[in-house]
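*Asks:* Here you go, one structure.
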Amino acid sequence: MSETRRDTGAAAGIETSAGGRPAEVGVPTGDPAPRPFFHEGMRAWQDRFDSRRLADRLEERLGRSRFTADDRAFIESRTMFFLATADEAGQPDCSYKGGDAGFVRVTADDELAFPSYDGNGMFRSIGNLSRHAPVGLLFIDFEQPRRLRVNGLASVAADDPLRREFTGAQLVVRVRATHVFPNCPRYIHRLQLAEPSPYVPRPDVEPPVPAWKRFEMFSDVLPRDAGGGEPGGAE
């Protein structure tokens, strides 16, 4: 087992490896035992509505644990996704994550990565996945209705080499996919992008300061680097 050290800087509490390789905070030691795609609670409702055969066929034909070339193109074209996490007691949390196209990268046939930007300082998603690795990601195209779900095991690191490639990233999250599957898009409302967020970190552009960071009620408790350059505020 490689030695680990604790970062004593702004990212205190984030483990990094002594050899420079990011320590994976959140992924349990060793591969967990494979879990069936459907548990008994799901099976009970499938049986009640006579959809077990359909569910099995969907898993058989559409489910996978590796990204296809089409999956990669779709994921890397998205400017947002939803991230579901839970703590070790099962308390859930859901967060919107936004950026420019390409801010989520498929880094291997069973792995994707995304940056954690400056946020409100609660670290709910990061805190959850660092204690309980299973996560769910939902990618949606609202203009040409389509959605893709990715379930997997997450890890987070402050010294991941990819952090240098993500402008404004405080941390990098990697997700090792366990289940990748599309969903029927029929209930997706068609929407169009009116304007990209000016707050998304971009090379050579200084983003505006969020209005709430100027509120007097928060002025005495903002992180030292309130601009978000170092860990201190990811949502």
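*Asks:* Rounded, prolate or oblate: which fits segment 103-192 when a ≥ b ≥ c are the square roots of the eigenvalues of the alpha-carbon gyration tensor, with rounded for a/c under 1.5 and prolate only if a/b beats b/c?
*Replies:* prolate
*Asks:* Output the peptides 108-118, 185-195, 46-56, 144-154 sorted from most to least packed, where packing is the average of other Cβ atoms within 10 Å over each peptide's residues.
*Replies:* 108-118, 144-154, 46-56, 185-195
*Asks:* Separate question: Ignoring ligands, DNA and RNA, please state the percent of accessible area on segment 95-235 from carbon and sulfur, probe 1.4 Å.
*Replies:* Roughly 52 percent, rounded to a whole number.
*Asks:* Please give the per residue accessible area of segment 61-198, computed with a probe of 1.4 Å over protein heavy atoms only, in Å².
*Replies:* Here the per-residue accessible area is 50 Å².
*Asks:* Count charges around T79 for me, please; just the other residues with Cβ under 12 Å from its Cβ, Lys/Arg as +1, Asp/Glu as -1.
*Replies:* Net local charge, T79 excluded: -3.
*Asks:* Excluding D50 itself, what net charge comes from residues whose Cβ is under 14 Å from its Cβ, given Lys and Arg +1 and Asp and Glu -1?
*Replies:* +3
*Asks:* Follow-up question, since we're still on this one. Which value in nm describes the separation of the simple spin-label points at S51 and D93, placed 7 Å from the Cα toward the beta carbon?
*Replies:* The two pseudo-label positions are separated by 3.0 nm.
The values are calculated or read from the model by the stated rules, or taken from the named source; none is laboratory data. The shown structure was predicted, so the numbers you read here are calculated from the model rather than taken from an experiment. Reconstructed Cβ throughout: ideal geometry from the backbone, glycine too, with neighbour counts over all protein chains shown. Surface accessibility is based on the protein's heavy atoms, side chains included, excluding ligands, DNA and RNA. Shrake-Rupley method; radii C 1.70, N 1.55, O 1.52, S 1.80 Å.
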